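Structure record follows, encoded as structure tokens.
Each reported figure results from applying straightforward, stated rules to the coordinates on display, with no laboratory input. Treat the numbers as computed from the prediction; the structure is a model and nothing was measured. Ideal geometry is used to build each Cβ from the backbone, glycine not excepted, and the neighbour counts take in all protein chains shown.
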Amino acid sequence: MKKIVLTGIVLAAFNINPVQAAPLDAAGASKLLSKAGCMTCHTTDKDKIGPAYKEVAARYANPSPEILAYLKGEQPVDYLVKKVRTGTKPKLNKNWVKSKAGKAYGLMTPNPPSKISDADLKDLITYILTLK
Ligand code: HEC
């Protein structure tokens, strides 16, 4: 059983591909982030209510076993597009990951299509995952 779980994690690791060509440049991304209201809770470099986008990128560029288990074989971009749409589901992922300082984050409210379209959201997440 343990072996099966480990094999799953290793296979998932091979499929993880967080860095794809960014469809947005920094200026385009910044415009979308402001328009959709993401910057109320996030910044690029520093934790605010939610994690810094650079911390999010690092999380998926070098995923821990906890994060691989969480992704269940999904690509980070696909998982994150859904997650940002629905917001934090408290039962599933309240404080599932802590900041570097060990502080638990709050909850992300849902971000509906009236705030950001499917295409823009996917471009934005793809961009966020390229940050260093
Ligand atoms: C009301 C505050 C708030 C708003 C608005 C918000 N977020 Fe968040 N976000 C959070 C919090 C808090 C977390 C950490 C808790 C969690 O991961 O569920 C988070 C987590 C995230 C993560 C990491 C999720 C993970 O599972 O690794 C990403 C990516 C993200 N937000 C992107 C966005 C984008 C893009 C927008 C705008 C469309 C946005 N957020 C709007 C509060 C917010």
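Below is a table of values for the structure above.
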| quantity | calculated |
| --- | --- |
| Violating pairs (Cα-Cα greater than 23 angstrom) within the set Lys31/Lys89; Lys48/Lys132; Lys31/Lys98; Lys31/Lys54; Lys46/Lys103 | Lys31/Lys89; Lys31/Lys98 |
| Rg/Rh (Cα only; Kirkwood hydrodynamic radius) as it applies to the stretch 29-132 | 0.92 |
| Distance in nm between pseudo-label sites at Thr86 and Ala119 (7 Å out along the Cβ direction from Cα) | 2.6 nm |
| Inter-probe distance in nm under a simple model that places probes 7 Å from Cα toward Cβ, at Asp45 and Ser64 | 2.5 nm |
